[in-house]
Structure formats: structure tokens, C-alpha cells
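Only the coordinates and a few stated rules stand behind these numbers; no lab work does. Since this is a predicted model, take the numbers as computed values, not measurements. Neighbour counts run over all protein chains shown; Cβ positions are idealised from the backbone, glycine included.
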Amino acid sequence: MKEWEKTGCVLCAQNCGLEVLVEDGRMVKVKPDKENPRSEGYACRKGLNVIYHQYPADRLTQPLKRVGDRFEPIPWDQAIEEIAEKMRELVGRHGPRCLAYMGASTQGGHFEGAFGLSLLEGMGSHYFYNSAGQEFSGSFWVDGRVLGKQYLHAAANEENAEMYVAWGWNGMESHQIPQAPKVLRGFSKDPERLLVAIDPRRSETAAIADIHLAVRPGTDALLMKAMIATILGEGWENREYIERYVEGFETIRRWFEGFDAREAAQVCELDYDEIHRLCRLMATKRWCLHPDLGIYMGRRSTLNSYLMAILMAICGVFCVRGGNVIPGMLVPLGRHADERDPKNWRTLATNMPAAASGAFPPSVMPEEILSDHPERLHAVYISGCNPLRAYPDTTAYEEAFGRLDLLVVSDIVMSETARLAHYVLPCRSYYEAWDSTFFQHNWPGIFFQLRRPIVEPPGQCLEASQIYTLLADRLGLIPEIPAELYEAATGDRLLFGAKLMTWVASEPQA
Ligand code: SF4
């Protein structure tokens, strides 16, 4: 028996719509889903080869417990009971700061993260470690200061822009927006619109750009400062916008007075006249900016994010149509964790804030485990990520994980990290589970695709969210659910949703 099933790609944050041919319970062929309103029939070669990731070697199929230097299969009941008991005992003995969760890292499914964070909060801990705490901490922090909430992010509204600036972003290869190559080529070919690439390398995006500034690596902040100084020095700033929407402009203006933009251009190894021309375009056109890891993970990453916000604000393109806008969201990606608020924790040994919307940087976890602080980390729950491969200093992680009283890894394969765990729990893959993501970086429309399972899981694999629910239940964290809610669940969906939300609002533990 074979059938085409609608689903989505789980390999990057665009989650392009896919159709998958399932034959005798196995995924065998993939094509783009033309009816998907966000990707509209686009899929890159990664998405078209997603089946490769569905059938990895070393697939986990049953819960495992470390016994000496080997693993033994155990029933789910035993795994849940022993892990819950150990968590309860450790938190009781050392306090909630001894427990950390590392997860919610995936591009293809966010239900795992939603349930993982709920379990962590239910146990009273804030220690959520995630790659965003390293890749995007500067950007989230600046968003918190400039926009008021760390989870608000101004994304390029390219469809209404006259000029598209790709800074440290090679969208032709890395995507980061729906149908990126199509959109970028559209700008490149349109005589009425401009594509600008700022990148040390003649990347695939720079190669089709109308203007390419090959900035010297690591001097992006200096270039931004030179551009701001040029625009202000020429009196090209958008006065009307500034008077209406910007606070503290006069303070900021002084920072750029007397700044030698020509000398800065030399350090950036750029022709000042080209910078000047681009500044004039920025002051006269509706433009939007797409930065990427070249900026976020480059030198002076936090300063880069701050100067970008100033550049957009003085040109009047921040939070306006055709500039950078704050997309709507169904569920925010994280929470506002302002480090000035004492309610928000810091790490104990390294004193790091959770600047990236509540996420701590994974690179400090080994120090937090190896520290002698009385409340140091004793228990870590890792889901769908492999820090031994993904984060800096594998040796430090190996040493630190060896000191834990409890390391639980839930994954689909026996990863390098799983091999060090006390318990390894087998998860369903994205195509075996109900899942979705909360990446709705579109404006003004919001798209949400709930994916249903299209193939059966092997062995005893459970959805990650189901594992958290079983643990929360065993830990006594789930309040009694009223009978009328069960009854409502059998009827109209909207009515059930309304009843569920009313109950959640009235039940502090829910
Ligand atoms: S752009 Fe991203 S989501 Fe779309 S097919 Fe490629 S990897 Fe998958």
C-alpha cells in the first residue's frame, strides 16, 4: 500500500511543506508541497533528501539503564519511576538549582521544548541550556533593551522593500527565510529593487548582489559606526520618524560626532565613496536588513546587534512596512529574562545570565557541574541534542558528565552523549510524532503547520512530550484534571480549547 502524505521539512527553521510517499509503512519519496501557503512548492535539496535522516543507524528502540559499563533494557514504568525518584531526591537534597535541562534545540519540532521547559519549571529550576544562549545571546539581549522583550525580534519585511541588505548572511545557501533563493534572485533581477551583500566573502548571495561590500572580517561594528556617523554627519537621518518613535536620540547622536568614517573605511578595507553611496540609498529607500551568523557570532556580536538597531532607527525603517518588522507569533520563542531583575537566575560558578530569552550558554555547563558550589548541578536531562559533538570542549563535558548523579538522554539514536548517560530513553522521530514549530517569522500572516505522524515508530519509542508528561505525572506535578474537561475533549474543538484555557488560567499548577 502506498500513499502521499502531507508533512513538513524538519531540517531548518523554514519548515517547508513536503509531500512524502509512504509505501508499506516506510518513507520512500519526497516532493515539495505546492499547496503549503508559506513555502508554495519550494524545497531545497536537503528537504528533498530528508528520508536519509529518518532511518539512521543505531536507532534506539527501548529504554536503557546503565549497569556498570554497559546498558540493559528496562521497561518504561521502571525507567520513569527510577528517574523521577532520583530527580526528587536530588532536588530535595541540593535544591532546584541542582537540576538542568538541555534541549529545545531542534529546527523541526518545538513540542519537545514546550514540555521539557514545563517539567523544569515544575521542578522549580530555571537552568535551561540551549544553543541560542551562545549563538544569539547578544541579539536577544539587544532586543530586550531596544524593544522591551527579549523574544521580540525585528525581521526583514522584504516583500515590501525596495532594497534588501544581507549582512553576514548567505541566504542563497543557508535560507533563513521562506524560499530564500527565489526571493534573493527576485531582488537581483528586478531593475526597480536592489540587493546589497555585506560579507568578506564573495558568497553565492554576494555574487548576485547589485552592491557587495567585502568588509574585512571582524570589522562589521566599525563599518556600522562609520555608516551611522556618515548619515548623521550628512543630516540624512529621518527626523520625522525619530521625533515620533525614538527615545534618547540626542544621547546617541553625540557618540558619533567627530568620528572619522573615512579612516574607519580604511580599517574595514573598503572604499569610503562606496559606503557613502550606500548610506545615501539607506536614507532615501525603503530597505530591510537580514543579518545572520556572520554578525551574530562574529567579533563584537552584541555591539553589532545594537548598532544595527540604531542604523535602522535613524533611517526610519525599524518596525515599519518594508523595513524590519516584528512578526506575529503563536507562541513566543522563550521568555523575557532581563538580567537586572533578581528573579532571573544566573549560573552559580560562572555568573552568566540567561540573556537569550531564558537560555543559558551550554559552554559553561561543564564548569557548573565541576564547581564546588553547594548547589552545583547534579542532574541533567538532555533531549534531542548531543553536546559532546555540538558544543565546545568535549573533554570538559566528558569529565563533567562523569561527576553527575543523574544524566538522562532522550534521543532517537545512541549518540556520544547518550553513551555517558545513566538512562537512555528512545524517542519518536518527527515523522512518527505529532509536532510543529513556533517559527512564524512572517508578517502580517502567521502560518502554523501541525504535523501528524506519517509512519509508525520502531519498538517502544515514545514522543518526547509524552516522556515528560509521564515523568511530571510520577513527580506529582500534574493537578487532577476535571471530568468535564475529558468530556469536552470528545466534542467541539473550539469549545474544548476555551474550556481548557479557562481551567489552565484558574489552576496555578496547570
Ligand atoms: S529550506 Fe530548510 S526547511 Fe526548506 S527544504 Fe531546505 S532545509 Fe528543509
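Past 22 Å, Cα to Cα, is the threshold; run Lys6/Lys34; Lys29/Lys189; Lys2/Lys182; Lys31/Lys182 against it and keep the listed order. If you can, show how the numbers build up before the last one.
Values: Lys6/Lys34 10 Å; Lys29/Lys189 33 Å; Lys2/Lys182 32 Å; Lys31/Lys182 17 Å.
Lys29/Lys189; Lys2/Lys182, as the Cα separations exceed 22 Å there.
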Fill in: Difference of contour (0.36 nm per residue) and Cα-Cα distance, Asp405 to Arg93
111.1 nm
Item to complete: Straight distance only, please: which lysines reach the Cα of Lys65 with their own Cα at less than 25 Å, same-chain residues fewer than 8 apart left out?
Response: Lys86
Fill in: Spread of Cα-to-Cα distances over 5 Å intervals beginning at zero, given as percent, for the stretch 366-510
2, 8, 12, 13, 15, 16, 14, 10, 7, 3, 1
Response to the item:
Between the modelled labels at Ile478 and Leu293 (7 Å from Cα along Cα→Cβ) the distance in nm is 3.7 nm
Worksheet item: So in the chain, what percent of DSSP beta bridges are antiparallel if you round to the nearest 5?
Response: 45 percent
Response to the item:
Computed ³J(HN,Hα) along the stretch 478-491: with the Karplus parameters 6.51/-1.76/1.60, θ = phi - 60°, integer Hz and x for glycine or proline, the list is 9, x, 5, 8, x, 4, 5, 6, 4, 5, 4, 5, 8, x
Worksheet item: What whole number of Å gives the distance from the Cα centroid of the stretch 438-510 to the Cα centroid of the stretch 1-26?
Response: 23 Å
Worksheet item: For the stretch 2-54, what log10 I(q)/I(0) values come out of the Debye formula at q = 0.13, 0.29 1/Å, with one point per alpha carbon and no solvent?
Response: -0.26, -1.15
Worksheet item: Using only Cα atoms, what Kirkwood radius does the stretch 43-165 have, in angstroms?
Response: 18.9 Å
Discussion item. Please give the Cα centre distance for the stretch 237-269 versus the stretch 290-327, rounded to the nearest Å.
Written reply: 14 Å
Worksheet item: So what is log10(I(q)/I(0)) for the stretch 154-325 at q = 0.17 1/Å, when the Debye sum runs over its Cα atoms only?
Response: -1.03
Worksheet item: Where in the stretch 292-344 are there trypsin sites (Lys or Arg not before Pro) that are in a DSSP coil and have at most 10 other Cβ atoms within 10 angstrom of their Cβ?
Response: Arg340, Lys343
Discussion item. Using only the alpha-carbon atoms, what does the chain span along each of its principal axes? Please give whole angstrom values in decreasing order.
Written reply: 71, 59, 46
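At a Förster radius of 35 Å, what calculated FRET efficiency corresponds to the Cβ-Cβ distance of Asn351 and Lys34, to the nearest 0.05?
On the way: r = 52 Å, r/R0 = 1.48.
The calculated FRET efficiency here is 0.10.
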Worksheet item: Put +1 on the Cβ of every Lys and Arg and -1 on every Asp and Glu Cβ in the chain; which of Val364, Ser139, Pro453 then has its Cα farthest towards the positive end of the dipole?
Response: Ser139
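Working out 0.36 nm times the residue gap between Arg419 and Phe448, then minus their Cα-Cα distance, what length gain in nm do you get to one decimal?
Details: separation 29, 0.36 × 29 = 10.44 nm, distance 3.57 nm.
Here the segment from Arg419 to Phe448 would lengthen by 6.9 nm.
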Worksheet item: Given the rule -39500 (n - 2.57) for each run of at least 4 DSSP H residues, summed and divided by the residues of the chain, what is its mean residue ellipticity at 222 nm, to the nearest 500 deg cm²/dmol?
Response: -10500 deg cm²/dmol
